[in-house]
Each structure stands twice: as C-alpha cells, then as structure tokens.
Amino acid sequence: MRCNTMIHTRTSSPFFLIQPIRGVNKHLKDADVSAKTLSIANLIKMTSPNSSDKTMKLVSLVTLTVQNAAVALSMRYSRTRNGDMFIASTAVLMAEVVKLIASLYLSIRSEASLPAGIMSVYVHVWKNKVDTLKVSLPAFIYLIQNNLLYVSASNLDAATYQVTYQLKILTTAMFAVLMLGRSLHKLQWVALVLLCIGVALVQLAATTVAVVGSVEQNKLLGVGAAIGACFCSGFAGIYFEKILKGSDVSIWMRNVQLSLASMPLGLLTCLATDWTEIKNKGFFFGYDAYVWYLVVLNATGGLLVAMVVKYADNILKNFATSLAIVLSMLVSIMFLGFSINFQYIVGTVFVIGSIFLYSYQPPKKPTVATIPPDDTGFNSGLKHLKRN
C-alpha cells in the first residue's frame, strides 16, 4: 500500500519532481550569479582607470588648453612688438632641443640612479634601433604635412585654408576607429562635425581677406594639399598614440626618440628655407628673453601633447586645442582690441556644445538575461511531465 501510495503521489503531483530540482537549481543559480557578479566586478576594476590616471587626464587636458591659448597670444604679440624679428625656423628647432633636454632629464630621473638612467636611454634609443625608427615615423609624416600645408596656403585664400584644415578633426577620429578599434556613437560623430564647423567659424572671425596680386593660385591643388595634410595629421597622431599606449616605455623616453628624429628634420628646414638669412644675420638673431620664453612654451606644448595622448586620446586633444582657439580669441577681444562678431559667437557656441555632446553617453537599452540550459535534469523533467 505504501508503495502504491508513493507511486500515486509521484504521478498525481508534478511538484514532487519540481521542488527538489528547484532547490538544486536555486543553489546553482545563486552560485552562478555570485560568480558572474564577482567576475564583472573584477572586470570593472581592471578596465576602469584609477584615480591617478583620471587626474593626469584632466590636468593634462586643461594645461594643454591653457598652453595652446598662451602660444597663440604670445606668437601674435611677438609679431607686433618692437625689436628685431627672430627667424621662426630656428625657434622651432630650439624648441625641439629644449624638449629633448627636458625629456632626457625626466627619463633619467625616473630611474633608480644616474647610471641606470643613462643605460636605459642607451638601450631604448641605440640598441633598440627598430623601435626608435618606429617612433621616428610620425616626425617624417609631420614633415610631409608641413610641406603640404605650405602648398595649400600658397594656393588658397586664408578663409578656405582655415576651413579645409579643420577636417583633421574628422580624419583623427577616422584613424582612431580604424587603427585603435575605438567605437564612436552617432552623437559623438555629430559632435565632431560641430567642432569642425565651430573652429572654422571662430578662425574665420579673425581672418582678414588678403588681396592676391599677380600670383597664380590653383585652388584644386590647394584643397587637395590641405586634405592630404589632414590625413597626415590624423594618421601621425593616432600612430603615436598607439605606440605610447602599446608598450611599457615611458612617455619621456618616447619624447627623447621623437626629438632625436625631429631635430635633423628641423635643421634641414632651417637650411632649406632660411639659410641666407641665417648666414647673414646669425642663427640666434633677434633672440632675447621673450623669444626664449616662446621656445620653452612651445617645448612644453610638445611634452603636454604626449601626456594628453598617453592619458587621454587624440580626439580629446583636438577638443582641447579647439577650445584654446576660442579662449585666445576671447582674450584678444577683451584686451587686444579685436571686435567680436556674429561668426565668433556662433562658432564658440558650436565648440562648447560639441564638447558636451561628445561627452554625453546615451542610456543603454536594458537587456533581458537568458538562462542557459542546465545539466541538472530540470528541463528534461519538465518535458517528461508535459508528455504525461
């Protein structure tokens, strides 16, 4: 009788099968959720930047913005002040020399001792020649970019040149997607387009229309050269970012390698463009304390760019430099007698709006979690009950 009763109970109450299996599944599910929660927490911990990196990112971006604005204002003043005019190509070369000295000092300082620092420089620069050549590639690309910009400026009016060259913001984002696998949502692309338009408007507000004499200009060649320069700028910037973030070599050592490649190119530029003036007047003609201040300021900018690329990225660097253009124009309007106009206001609104739009993260759609089939017999038990 007891046996019949048990059989009757089993066949008449499907919960007899479900309850024990539910208990097993509950423990397994709880354990699985706990394991998944722990793994997600570890993933967030590993992938999220620590507080020091966030601080360096913010500090480097803000400092680069201020530095770029200071360079624009200081260079503008250097062209209007009294005294002999220095040779610009020599100042660019000296900025690379100062950047090299500063990078060497910081690189050696980061090691345990002076001999260890010198040995580290020797190993990274001389023994790892292939690595040094890889870092030298952006320097050669920037040389091509500068020549393309010269061709573009010679064949375009200032307004067209300024507008076309802002496409470097989009080419930088494009290479970030292609080379770094970075993903940008639609609003971020819209923000980048707004940034291009905004910077172009701000620079057009300060552009005076120059009367071109008998010089023949090829606008198609000028636009093509400007677009080529934009691609060079985007590729070189993202390539350098990939090198910085793809190895354990410090940013100071990378700057040493980059400066060693840039200095010969800077010297060749001096000799090719200003050799006669340097020969007649001297390399340091027109140098005073203010010019040396400009040299150090430009060298600081090179170090800051490396820090921004290391702790942030090239796209955010473009936002920082664009905001610097707006700030320098604002200071010029307030203190240097520049008049504000509608273009500047609209451009400023576009630049600031693009910053907020780029940083906006749209809410993610909730996803319904699916429980994979278990191997405890629960699913097969339910199928057996349905057949009965």
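The values are calculated or read from the model by the stated rules, or taken from the named source; none is laboratory data. As the structure is a computational prediction, the values presented were derived from the model and not from experiment. Cβ sites come from the backbone with ideal geometry, for glycine too, and all protein chains shown count toward neighbours. Areas reflect the complete protein model, heavy atoms only, side chains present, ligands, DNA and RNA absent. Shrake-Rupley method; radii C 1.70, N 1.55, O 1.52, S 1.80 Å.
Note on the stretch 255-336: Cα Rg divided by 2.2 N^0.38 Å, N the number of residues, gives 1.42.
Computed from phi, the 3J(HN,Hα) profile of the stretch 348-354 under the Karplus parametrisation 6.51, -1.76, 1.60 (θ = phi - 60°) reads 5, 4, 5, 5, 5, x, 5 Hz, with x in place of Gly and Pro. Taken over the stretch 97-158, the convex hull of the Cα atoms encloses 99 Å³ per residue. Note on the stretch 235-268 and the stretch 300-368: Cα centroid distance 24 Å, given to the nearest whole angstrom.
If you average 1/r across every pair of different Cα atoms in the stretch 233-276 and take the reciprocal, what Kirkwood value do you get, in Å? Result for the stretch 233-276 stands at 12.0 Å. The order of the peptides 109-119, 55-65 by mean Cβ neighbours within 10 Å, most packed first, is 55-65, 109-119.
Here the Debye sum runs over all C-alpha atoms of the stretch 134-184 as equal scatterers in vacuum, and log10 of I(q)/I(0) at q = 0.30, 0.31 Å⁻¹ comes out as -1.06, -1.08. Over the stretch 38-189, what portion of Cα pair distances is larger than 27 Å, expressed as a whole percent? Counting pairs separated by more than 27 Å, the tail of P(r) holds 52 percent.
Applying 1/(1 + (r/R0)^6) with R0 = 41 Å to the Cβ-Cβ distance of V349 and R109, what FRET efficiency is obtained, to the nearest 0.05? It comes out at approximately 0.40. Taking label positions 7 Å along the Cα-Cβ direction at both K281 and R79, the computed distance is 1.5 nm, reported to one decimal. Put simply, the stretch 171-323 fits an ellipsoid with semi-axes of 30, 26, 16 Å; these come from the alpha carbon gyration tensor as the roots of five times its eigenvalues, largest first. Element breakdown for the stretch 54-157 at a 1.4 angstrom probe: carbon and sulfur atoms account for 69% of the accessible area. Counting only protein heavy atoms and using a 1.4 Å probe, the accessible area of K219 comes to about 130 Å².
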